[in-house]
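Chemist: First the structure, then my questions, so here it is.
Every number here is computed from the coordinates shown, using simple stated rules; none is lab data. All values reported here derive from a predicted model rather than from experimental measurement. Virtual Cβ from ideal backbone geometry, glycine too; neighbours counted across all protein chains shown.
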Amino acid sequence: MMQVTILLPAGYQSADVLAFHSRDAESVAEQVTEDRILKGVLLDGVPVLFDVALTPFEALCDVHADGALSPKAQQMVQEALLNILGLRIDPAPFLALAGEDDLLGDVARRRPHLRVVQSATIFEALTWAVIGQQINLTFAIALRRTFIQQAGVRHSSGVWCYPEAKQVAALELSDLTSRKFSGAKAETLLRLARLVAEGELRLDRGDDIGSASAALLAVKGIGPWTVNYALLRGYGYADCSLHGDVAIRAAFQHLLGEDAKPDMPRTEALLERYKPHRTMAAAHLWASLQDK
C-alpha cells in the first residue's frame with residue numbers, strides 16, 4: 001500500500017468534491033461517505049483503489065494496488081489524486097478577474113473557493129464526455145455504470161475500476177448497443193479506445209493543448225463540445241470554452257433575465273470576456289443553476 005498526504009488549500013470545500021464523486025447513487029467505481037472517497041481505476045494495467053479521507057486541512061490517501069506499480073503508474077497515482085481532489089485549477093485568478101464583473105461578479109463572490117474536479121485519468125474524462133453527448137445526466141450516469149461493468153475489471157476489494165483503452169478496445173459493438181448505447185456512441189467509444197490502445201492517439205497531459213485538441217477533433221464522432229469537456233475534466237485546462245453546453249446557455253439566460261437561451265455564437269462571445277479563465281467561468285455558471 002502507498003500512503004500519500006496532500007495539504008489542502010485554505011477555504012477548500014470538501015463538500016463540492018464529495019458531491020461530484022457521488023453523482024451516481026448506484027456507482028460501482030466510486031463510493032462516497034461523509035468525508036471519504038473510494039475510487040477504483042486501472043493505472044497502466046493494474047487495478048488501483050484510492051481511499052481518500054478528507055480532513056479540514058489535508059487529504060489522507062491510501063492507495064491499494066493489485067500488483068506492482070510501474071514508474072509510469074506511480075506517476076499516474078500522483079496525477080489522479082490531484083484530479084479527483086480538484087487541485088488542478090486555482091480559483092483565485094478567476095475571482096480576481098470576475099469578482100466585480102456586472103454579469104458573473106455576484107455568482108463568483110458567492111463561491112470564492114469553488115473548484116473544478118477532474119476525472120482520475122484523461123481517458124476517463126474523454127470517454128465520459130462521449131457517453132454524455134446529447135443525453136440527459138441521469139441517462140448518461142446509467143450508461144457510464146454499464147460501460148465500466150462491460151469492461152469487466154474489479155479491484156480485489158470488490159470495487160469496479162474505470163477501464164483503460166485496452167479493455168474497452170476489446171469490446172464488441174453489441175456489448176454496448178445491447179445495453180442502451182446508440183450505435184453512433186458505441187462506435188465512437190470503440191474507435192477512440194482502439195486508437196489510444198494502438199498508440200495512434202496519445203493522451204498525455206504534457207502535450208500542447210492546441211495539438212491535443214486537433215488530434216481529438218480528427219476522431220470521427222468527437223466534436224468541439226466533447227473536446228472542451230475532455231480538456232476541462234481530463235487535462236485540467238483553465239481556458240475551456242463550453243459555449244455549446246446547454247446548461248451554460250441556460251445559466252446565462254437566467255443571469256441575463258431573458259426569455260430564451262443565447263445561441264452558441266453569442267454564448268461564445270459572452271465567455272470571451274473571461275479569458276484565460278473560461279473553465280472557472282463555466283464552473284460558476286453551472287453552480288449558479290443551483291441558486292434558481
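Chemist: Hey, which of these cross-link pairs are over 32 Å Cα-Cα: LYS185/LYS261; LYS72/LYS220; LYS166/LYS261; LYS39/LYS180; LYS39/LYS185?
Modeler: LYS166/LYS261
Chemist: According to the Cα gyration tensor, what semi-axes, each the square root of 5 times an eigenvalue, does the equivalent ellipsoid of the chain have, listed from largest to smallest in whole Å?
Modeler: Largest first, the chain gives 30, 24, 17 Å.
Chemist: Another question about this same structure. Give the residues of region 41-56 whose amide nitrogen is closer than 11 Å to a point set 7 Å from the Cα of HIS113 in the direction of its Cβ.
Modeler: The answer is 56.
Chemist: Debye calculation, C-alpha points only, no solvent: report log10 I(q)/I(0) for region 2-89 at q = 0.14, 0.15, 0.22, 0.25 Å⁻¹, in the same order as the q values.
Modeler: -0.47, -0.53, -1.11, -1.35
Chemist: With an 8 Å cut-off on Cα pairs and a minimum separation of 6 or more residues, tell me the relative contact order of the chain in percent.
Modeler: 17 percent
Chemist: In vacuo Debye scattering of region 108-251, one point per C-alpha: log10 I(q)/I(0) at q = 0.13 Å⁻¹?
Modeler: So the normalised log intensities work out to -0.59.
Chemist: Rounded to the nearest 0.05, what FRET efficiency do LEU60 and ALA25 have when you use their Cβ-Cβ distance and R0 = 35 Å?
Modeler: Given R0 = 35 Å and the Cβ-Cβ separation, E is 0.90.
Chemist: Still on this structure: So what's the gap between the Cα centers of region 247-292 and region 73-129, to the nearest angstrom?
Modeler: Region 247-292 and region 73-129 have Cα centres separated by 17 Å.
Chemist: Mind checking Rg over Rh on region 12-170, alpha carbons, Kirkwood formula for Rh?
Modeler: 1.00
Chemist: Let me ask another. Please give the charge dipole size of region 183-249, origin at the Cα centre, charges +1 on K and R Cβ atoms and -1 on D and E Cβ atoms. Round to the nearest 20 debye.
Modeler: The dipole of region 183-249 has a size of about 260 debye.
Chemist: Name the residue farthest towards the positive end of the dipole of the chain from the options ALA247, ILE131, TYR162, assuming +1 on Cβ of Lys and Arg, -1 on Cβ of Asp and Glu, about the Cα centre.
Modeler: ILE131
Chemist: With the contact rule set at Cα under 8 Å and sequence spacing of 6 or more, what percent relative contact order holds for region 1-138?
Modeler: So the answer I get is 22 percent.
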